[in-house]
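Notes follow the structure.
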Amino acid sequence: MGDCVFYKLNMGLSACLKDYFLGFWDYETPKIMVVKNLTLGVIYRGVQFIVITYFVWYVFISQKAYQETETRPASSVYTRMKGSAVRGDEILDTVEYVRPSEGGDVITTILRREVTYDQKQGSCAEYFGVANANCSRDSDCVQGEGDLNGHGRRTGRCIRYYNHTFKTCEIQTWCPIEEYAVQREPPLVEAINFTVFIRNSILFPKFGERRGNIKGASNRRNMHKYLNKCQYDEEKEPYCPNFRLGYIAHQARENFSDLCRTGGVIGVFINWNCDLDLDPSRCKPKYSFRRLDLRKDQANSGYYCRFAKYYQKDGVESRTLIKAYGIRLDIIVHGQAGKFSPIPTIISAVTALTSVGICTIICDWIMLTFIDKDEVYSESKFDEVINEPTDESIPPQLLYITSFSSYQSDLSDGVPL
């Protein structure tokens, strides 16, 4: 009995595998069938309209799918600050307040300084805010020990903190230390009218096209005259490379007085989006400005740097230490260009034509799932072709169709929604 059941299961499995194997080699081809159903027709034309509109408006017009694109251009940036300011009896020029005086894609304008004059190498009291710097006796200070947040190496002595009554550990460093002897200067408010000159040129290697952000002139003299008097304006002067610091701060939605106090990092973004099929004058840069440092994080907000001026005084090397707060401008260039090419045009066109076939698939699914309640459509849509002719007069090379449907079927009645 068990062997009989096993034999039947084995035979059934073999027949199933055989049918699957033979069915794998079947060929399917679509058949034209006209269904006169208003609802289905509206859905079909609506889906067609959506697909065609998507490809015509978005793919071809908006995304320019007919173009070959270049998204990694080569770019160079040159910057220079212009302007002067008065502080007391001093006249400050770019050498005093710009780092570097002529830069690349980064340039800094000093807006406020904290200066420590006449520092010399020697021994003096450590700043009391440094960890474990406060002491009451020499044994509290380990000789040779240093702190990463301190100013130097400890000598092992505990001394009075300058003219105060408390004591801190003595260190070897530049004396006096900055926190004790620093002098804070007023901010350079005139800097709001300083001008930064930004020259940018860009190359699209794939197309061999070069563009620049400076408007061409008939001769060098006219160019020099134009650059000396123009100020950037998005509508009136889009090719002028001169930007006021006040304009940059305003566009970045920053208060210039706050920047004078704490400093800050502002990104100047130059974006080139060029359609090389159009006139070259249409390919011009667009500028945007945004603050890059974190304003809400007090530890990481603002911008400052330290540098020193060294000199000899009474035969001893001395220095003036300067802690400078300012605006650092980071010039960041993005660019892309497109030009007509037959290859992406053909690919996009074929994709569009192929996608129109989605309309038929969607409507077939709707018809067979929601409309074909009596299976009238499904009986007319699907035919089976076999290799076993019933009429001996038909040559064996021809195929027999069990449901002849090579003509157009017109189903307009008998299948209500």
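Okay, here's what the table says:
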item: Count of the stretch 146-163 residues which are over 14 Å from Ser123 (Cα atoms) and open to solvent by 80 Å² or more (accessible area, probe 1.4 Å); result: 3
item: Near pairs, Cβ below 7 angstrom, 6+ apart or cross-chain, from the stretch 112-128 (farther than 30 Å from Tyr97 by Cβ) to any residue that is among the aromatic types (Phe, Trp, Tyr) and crowded, with 17+ Cβ neighbours inside 10 Å; result: Ala125/Tyr161; Phe128/Tyr161
item: Options Gly103, Gly88, Gly83: the member that is more than 19 Å from Phe307 (Cβ to Cβ), surrounded by 14 or more Cβ atoms within 10 Å (Cβ to Cβ) and small (Gly, Ala, Ser); result: Gly83
item: Selection count where residues are in contact with a Lys or Arg (Cβ under 9 Å, 6 or more places away or on another chain) and either within 25 Å of Ala181 (Cβ to Cβ) or open to solvent by less than 60 Å² (accessible area, probe 1.4 Å) (or both), scope the stretch 59-72; result: 2
item: Among the candidates Arg211, Arg221, residue that is assigned by the TED database to the domain that holds Thr109, touching a strand residue (DSSP E or B) at 6+ places or on another chain (Cβ under 9 Å) and not acidic (Asp, Glu); result: Arg211
item: Looking only at the stretch 219-236, and only at residues there that are at pLDDT 85 or above and of a type in the set (S, T, N, Q), the one that is surrounded by the most Cβ atoms within 10 Å (Cβ to Cβ); result: Gln231
item: Search result, residues across the stretch 106-116 that are out of contact with any helix residue (DSSP H, G or I) (no Cβ under 7 Å at 6 or more places or on another chain) and either aromatic (Phe, Trp, Tyr) or closer than 12 Å to Val196 by Cβ (or both); result: Val106, Ile107, Thr108
item: Elements of type strands (runs of 3 or more DSSP E) in the stretch 81-170, at least 2 residues being at pLDDT 90 or above and not assigned by the TED database to the domain that holds Phe194; result: 106-125, 153-160
item: Every residue from the stretch 164-176 that is among the hydrophobic types (A, V, I, L, M, F, W, C) and buried (at least 18 other Cβ atoms within 10 Å of the Cβ); result: Cys169, Ile171, Trp174, Cys175
item: Whichever residue in the stretch 35-58 is assigned to a helix (DSSP H, G or I) and polar (S, T, N, Q) and, among such residues, is least open to solvent (accessible area, probe 1.4 Å); result: Gln48
item: Top-ranked residue of the stretch 69-106 - restricted to ones that are among the basic types (Lys, Arg) and within 30 Å of the chain's Cα centre (by Cα), ranked as nearest to Pro241 (Cα to Cα); result: Arg80
item: Criterion (open to solvent by 40 Å² or more (accessible area, probe 1.4 Å) and touching a Cys at 6+ places or on another chain (Cβ under 9 Å)) met by exactly one of Asn255, Asn273, Asn242; result: Asn273
item: The listed residue being farther than 30 Å from Tyr97 by Cβ, open to solvent by less than 100 Å² (accessible area, probe 1.4 Å) and modelled with pLDDT of 65 or more, out of Leu329, Leu368, Leu353; result: Leu368
item: Test: Ser393 is modelled with pLDDT under 75, more than 30 Å from Lys206 (Cα to Cα) and outside any loop (DSSP other than H, G, I, E, B); result: no
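The values are calculated or read from the model by the stated rules, or taken from the named source; none is laboratory data. Quantities reported herein were computed from a predicted structural model and do not represent experimental measurements. Note that we place each Cβ from the backbone using ideal geometry, even for glycine, and neighbour counts take in every protein chain shown. Heavy atoms of the whole protein, side chains included, go into the accessibility calculation; ligands, DNA and RNA do not. Shrake-Rupley method; radii C 1.70, N 1.55, O 1.52, S 1.80 Å.
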